[in-house]
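J.: The structure under discussion is supplied below as structure tokens; questions concerning it will follow.
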Amino acid sequence: MMDKPTNNRAWFFVLPVLVLVLFSSIVPVMTVVNYSLQDSMGVNNFFWNGDSWFRDLLNPDTEIGARFADALLRTIAFSFTALAVEVPLGIAIALCLPRRGWSVGISLVIMALPMLIPWNVVGTMWQIFARQDIGLFGAALTGIGLPYNVTQGSVSAWVTIVVIDVWHWTPLVILLSYAGLRAIPDAFYQAARIDGASRWAVFVNIELPKLQKVLVIAVLLRFMQTFMIYTEPVVVTGGGPGSATTFLSIDLVKIAIGQVDVGSAAAMSLVYYIIILTACWIFFTVMTQIDRRGDR
Amino acid sequence: MSLVLENIVLKSGADIVIDTVSLTLRRGVMNVLLGPTLAGKTTLMRLMAGLDRPSAGRLLLDDKDVTGIPVRKRSVAMVYQQFVNYPNLTVFENIASPLRVARLPAAEVESRVRHAAALLRLEPLLQRMPAELSGGQQQRTAIARALVKRADLVLLDEPLANLDYKLREELREQLPPIFAESNAILVYATTEPTEALLLGGETATVWQGRVTQHGPTSEIYRSPLNIAAARVFSDPPLNELAVEKRGGAVITAAGRQLPAAGVLAGLPDGHYRLGFRCDDVTLGGDGTGFPGTVSVTELSGSESFVHVDVGTGIWVCLVRGVHDWQPGAPAEVSVDMHRVFVFDIAGNLVTGRS
């Protein structure tokens, strides 16, 4: 057997990264873990509390458990609604974009513009936009007789948040789908034309399968972002009316900072974290499997 | 029974992509389009298929004018250099796809697909997806799809170019008999002279958007009518030499005088371009040949291609066996003046090999 040369100096080079990771992730996460397992009677007065924060949180019969279950369901519903609108819409718009010529650059830039606006600016814009008295959107809807009121109607609030997210992030799906469509060799379209295939058949049998990879990425990114939505509802609705738009992240902040209920909030953030991690892992597994199938 | 191209012109903006092509492609023979990349072979095929409309000229299928008829209403099948299959359909469904569009009864679809699959030896793979096939199998699926359609016109656009050497040889042998029974007009585009010769049939040499010559493949190889056809049909490239004939002698551009031997003897005085292939020259000689230096030697098993810089250009000489000529070594090239093609300044053949 050959002895591999060992050089302990390598640790020295890795050290700065380890220190960085220690302070950026491990210490904060461990602090949260710490809070989630203890109860506090004031500053620096902690005692062991076991898993009771978690048990309360995951039991829908307790007050905090019911609240968590509600917020979780609301967040999942929001993610699915946003994805169900953004993905088909993004693909449809990508299909309509020009394929060549000077108009390509212009259309892509116009499409991408909403993505460049910071979240809280988007929120503020829409907060004004949705007002019944001076907002174009709100006033128009009220004008045609729709019962639209962001601050009082829970349906209005919910729809507004979905519309904001669609407006803000469908461009991402458009750009990804457009790139995927451009990667399909012209020969495929030609072959389909020669076969006499209809436009729908071309979409189902050529474009959609070829878009599979980019769509998985698009869905993954959009799922993560919608599942963590915070800024827009906080700015536009403040989580209301009632708790209609109180998503997990908003509820978390309310519990942690509003009520200073540190133990529950810590347990909640860990569960929240695990849910997102699991979802990402599932997506990642699916994605790599598609990759492997395509490589053969 | 044929496809006739009558003075077909295709313009793209100010550029003339296809310049007045007239061609008759007959049923029952392999019609080869031979030309380098970007010569216009694929463009010609797109015009034949009806994917593009010519700017001028007519297209006649069995004496019927089909110029303006779009591809959907024609009976065309095409195989591409890339392996084009529907990624989400099985091999069976891929082959069946044109028949499904045509709404044929299920039993008919089944029997046609089975027949094509048997010809192309795809039977064990019918339930696989294209991504699970090798390149050769994917291309055989695409060919089967072109076959089941029983189209009047089958266009094969460099179908073997993306396959490895072994598969290419194998499929090239199988293709002509497979399509022979289909009674279609077959058009096969290739960049390789060797492939054209192996396929036989008739060849049209394509050069810069023009058809430079059309006729039986071996005949074009033996007597190209112009220097463009000779260049297209020579691999390694055609060796060329510009000369002037004056009395009983020829004078090269470099000022060398040679006796007007072989096919040159009977020519009237004037300027000519000589073209000859690598197997019409020999390396070495008695001092009367062309001196030069070796620039590259390509070994291909039983033969070596020696590239010799003779001052006016680089000539390729075929030498039997494996020789290790070092770059820079002095070499003499002897040209068999009985085997050269003589072209005039415009590039048209004046006299061929004797």
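The values are calculated or read from the model by the stated rules, or taken from the named source; none is laboratory data. As the structure is a computational prediction, the values presented were derived from the model and not from experiment. Neighbour counts are summed over all protein chains in view; Cβ atoms, including those assigned to glycine, are modelled from backbone coordinates with ideal geometry. All accessible areas refer to the heavy atoms of the entire protein, side chains included, with ligands and DNA or RNA removed. Shrake-Rupley method; radii C 1.70, N 1.55, O 1.52, S 1.80 Å.
J.: Going by what's in this entry, would B:Ile8 be described as in contact with a Pro (Cβ under 6 Å, 6 or more places away or on another chain), surrounded by 17 or more Cβ atoms within 10 Å (Cβ to Cβ) and not hydroxyl-bearing (Ser, Thr, Tyr)?
T.: yes
J.: Among the residues that make up segment B:86-94, is at least one of them modelled with pLDDT under 90 and either within 30 Å of B:Leu3 (Cα to Cα) or more than 8 Å from every other protein chain (Cβ to nearest Cβ) (or both)? Even if it seems obvious, please write down each step before you answer.
T.: Our first condition is that a residue be modelled with pLDDT under 90; within segment B:86-94, this holds for B:86-89.
Restricting the remaining residues to those that are either within 30 Å of B:Leu3 (Cα to Cα) or more than 8 Å from every other protein chain (Cβ to nearest Cβ) (or both) gives B:86.
There is at least one residue in segment B:86-94 that is modelled with pLDDT under 90 and either within 30 Å of B:Leu3 (Cα to Cα) or more than 8 Å from every other protein chain (Cβ to nearest Cβ) (or both).
J.: Condition (residue is closer than 21 Å to B:Thr190 by Cα and at pLDDT below 90) applied to segment B:52-66: is it met by at least one residue? First the steps, then the outcome.
T.: Kept after step one, since they are closer than 21 Å to B:Thr190 by Cα, are these residues of segment B:52-66: B:52.
Retained after the next criterion (residues that are at pLDDT below 90): B:52.
Yes, because at least one residue in segment B:52-66 is closer than 21 Å to B:Thr190 by Cα and at pLDDT below 90.
J.: Does A:Lys254 satisfy the criteria of being under 14 Å from A:Ile91 (Cβ atoms) and either open to solvent by 20 Å² or more (accessible area, probe 1.4 Å) or within 14 Å of chain B (Cβ to nearest Cβ) (or both)?
T.: On the way: under 14 Å from A:Ile91 (Cβ atoms): no; either open to solvent by 20 Å² or more (accessible area, probe 1.4 Å) or within 14 Å of chain B (Cβ to nearest Cβ) (or both): yes.
Considered against the rule, which asks whether it is under 14 Å from A:Ile91 (Cβ atoms) and either open to solvent by 20 Å² or more (accessible area, probe 1.4 Å) or within 14 Å of chain B (Cβ to nearest Cβ) (or both), A:Lys254 comes out as no.
J.: Okay, next question. Within segment B:81-101, which residues are over 30 Å from B:Thr190 (Cβ atoms) and not charged (D, E, K, R)?
T.: B:Asn88, B:Thr90
J.: Quick one: how many residues across segment B:321-339 are part of a strand (DSSP E or B) and either within 23 Å of the chain's Cα centre (by Cα) or under 27 Å from B:Ile220 (Cα atoms) (or both)? Spell out how you get there, then give the answer.
T.: Kept after step one, since they are part of a strand (DSSP E or B), are these residues of segment B:321-339: B:330-335.
Within this subset, residues satisfying the condition of being either within 23 Å of the chain's Cα centre (by Cα) or under 27 Å from B:Ile220 (Cα atoms) (or both) are B:333-335.
Here the count works out to 3.
J.: Between B:Thr37, B:Thr20, B:Thr67, which is open to solvent by 40 Å² or more (accessible area, probe 1.4 Å) and outside any strand (DSSP E or B)?
T.: Working: B:Thr20 fails: outside any strand (DSSP E or B); B:Thr67 fails: open to solvent by 40 Å² or more (accessible area, probe 1.4 Å).
After ruling out the rest, the residue left standing is B:Thr37.
J.: If a residue has to be of a type in the set (Val, Ile, Thr) and assigned to a strand (DSSP E or B) to count, how many in segment B:40-59 make the cut?
T.: As a first pass, look at segment B:40-59 and keep what is of a type in the set (Val, Ile, Thr): B:42-43.
If we keep only those that are assigned to a strand (DSSP E or B) as well, we get none.
Within segment B:40-59, residues that are of a type in the set (Val, Ile, Thr) and assigned to a strand (DSSP E or B) number 0.
J.: Oh, and also: Any idea how many residues of segment B:273-307 are closer than 16 Å to B:Ala254 by Cα and open to solvent by less than 50 Å² (accessible area, probe 1.4 Å)?
T.: 4
J.: Moving to a separate point now. Specify the residue that is nearest to the chain's Cα centre (by Cα); the eligible residues are those in segment A:162-196 that are among the β-branched types (Val, Ile, Thr) and within 14 Å of another protein chain (Cβ to nearest Cβ). Quick ask: steps written out before the conclusion?
T.: First pass over segment A:162-196, keeping only residues among the β-branched types (Val, Ile, Thr): A:162-164, A:166, A:170, A:173-174, A:184, A:194.
Then keep just the ones that are within 14 Å of another protein chain (Cβ to nearest Cβ); that gives A:184, A:194.
Values: A:Ile184: 28, A:Ile194: 42 Å.
Only one residue fits best here, namely A:Ile184.
J.: Name the residue that is modelled with the lowest pLDDT, counting only residues in segment B:140-192 that are of a type outside the set (A, V, I, L, M) and open to solvent by less than 10 Å² (accessible area, probe 1.4 Å). Step through it out loud before you land on a result.
T.: First, the residues of segment B:140-192 that are of a type outside the set (A, V, I, L, M): B:140-141, B:145, B:149-150, B:152, B:157-159, B:162, B:164-166, B:168-170, B:172-174, B:176-177, B:179, B:181-183, B:188, B:190-192.
So of that shortlist, the ones also open to solvent by less than 10 Å² (accessible area, probe 1.4 Å) come out as B:141, B:159, B:179, B:188, B:190.
Working: B:Thr141: 92, B:Pro159: 89, B:Phe179: 79, B:Tyr188: 92, B:Thr190: 92.
So the residue we want is B:Phe179.
J.: Something else: Can you tell me which residue is surrounded by the fewest Cβ atoms within 10 Å (Cβ to Cβ) among those in segment A:141-154 that are free of Cβ contacts under 8 Å to residues at least 40 places away in the same chain and at negative phi?
T.: Going through segment A:141-154, the residues free of Cβ contacts under 8 Å to residues at least 40 places away in the same chain turn out to be A:141-149.
So of that shortlist, the ones also at negative phi come out as A:141-144, A:146-149.
Values: A:Leu141: 19, A:Thr142: 16, A:Gly143: 10, A:Ile144: 7, A:Leu146: 12, A:Pro147: 10, A:Tyr148: 23, A:Asn149: 19.
Once the filter is applied, the top-ranked residue is A:Ile144.
J.: Can you spot a residue in segment A:92-100 that is modelled with pLDDT of 90 or more, small (Gly, Ala, Ser) and more than 30 Å from A:Pro241 (Cα to Cα)?
T.: Checking segment A:92-100: at least one residue is modelled with pLDDT of 90 or more, small (Gly, Ala, Ser) and more than 30 Å from A:Pro241 (Cα to Cα).
J.: Yes or no: B:Ser300 out of contact with any Pro (no Cβ under 7 Å at 6 or more places or on another chain), over 27 Å from B:Arg246 (Cβ atoms) and free of Cβ contacts under 8 Å to residues at least 12 places away in the same chain? Outline the logic, then answer.
T.: Values: out of contact with any Pro (no Cβ under 7 Å at 6 or more places or on another chain): yes; over 27 Å from B:Arg246 (Cβ atoms): yes; free of Cβ contacts under 8 Å to residues at least 12 places away in the same chain: yes.
Considered against the rule, which asks whether it is out of contact with any Pro (no Cβ under 7 Å at 6 or more places or on another chain), over 27 Å from B:Arg246 (Cβ atoms) and free of Cβ contacts under 8 Å to residues at least 12 places away in the same chain, B:Ser300 comes out as yes.
J.: For a quick check of your reading: which helices (runs of 4 or more DSSP H) sit entirely within segment A:17-103 and have at least 3 residues that are of a type in the set (Phe, Trp, Tyr)? Don't jump to the end; show me each part of the working.
T.: On the way: elements: A:27-36, A:52-58, A:63-96.
Per the criteria, A:63-96.
J.: Can you work out which of the residues in segment B:114-130 that are part of a helix (DSSP H, G or I), touching a helix residue (DSSP H, G or I) at 6+ places or on another chain (Cβ under 6 Å) and more than 10 Å from B:Val91 (Cα to Cα) is most open to solvent (accessible area, probe 1.4 Å)? Spell out how you get there, then give the answer.
T.: From segment B:114-130, those part of a helix (DSSP H, G or I) are B:114-119, B:123-125, B:130; that's our starting set.
Right, trim to touching a helix residue (DSSP H, G or I) at 6+ places or on another chain (Cβ under 6 Å) and you get B:116-117, B:119, B:123, B:125, B:130.
When the remaining residues are screened for being more than 10 Å from B:Val91 (Cα to Cα), the result is B:116, B:119.
Details: B:Ala116: 3, B:Leu119: 56 Å².
Across segment B:114-130, the extreme among qualifying residues is B:Leu119.
J.: Also, I was wondering about something else. Going by the conditions given, is B:Pro130 away from every other protein chain (no Cβ under 14 Å) and over 27 Å from B:Lys73 (Cβ atoms)?
T.: On the way: away from every other protein chain (no Cβ under 14 Å): no; over 27 Å from B:Lys73 (Cβ atoms): yes.
It is false that B:Pro130 is away from every other protein chain (no Cβ under 14 Å) and over 27 Å from B:Lys73 (Cβ atoms).
J.: Which is hydrophobic (A, V, I, L, M, F, W, C) and either within 30 Å of B:Glu219 (Cβ to Cβ) or in a loop (DSSP other than H, G, I, E, B) (or both), of B:Leu318, B:Leu299?
T.: B:Leu318
J.: Taking helices (runs of 4 or more DSSP H) that do not extend beyond segment A:182-249, which have at least 2 residues that are open to solvent by 40 Å² or more (accessible area, probe 1.4 Å) and closer than 24 Å to A:Gly123 by Cβ?
T.: On the way: elements: A:186-195, A:199-202, A:208-227, A:231-236.
Counting at least 2 such residues, we get A:208-227, A:231-236.
J.: Based on what the data block shows, is B:Val342 over 20 Å from B:Leu264 (Cα atoms), touching a helix residue (DSSP H, G or I) at 6+ places or on another chain (Cβ under 8 Å) and part of a strand (DSSP E or B)? Step through it out loud before you land on a result.
T.: Working: over 20 Å from B:Leu264 (Cα atoms): no; touching a helix residue (DSSP H, G or I) at 6+ places or on another chain (Cβ under 8 Å): yes; part of a strand (DSSP E or B): yes.
No, not satisfied.
J.: Residue check: is B:Ala146 within 14 Å of chain A (Cβ to nearest Cβ) and either basic (Lys, Arg) or under 30 Å from A:Ala191 (Cβ atoms) (or both)?
T.: When the stated conditions are applied, B:Ala146 passes them.
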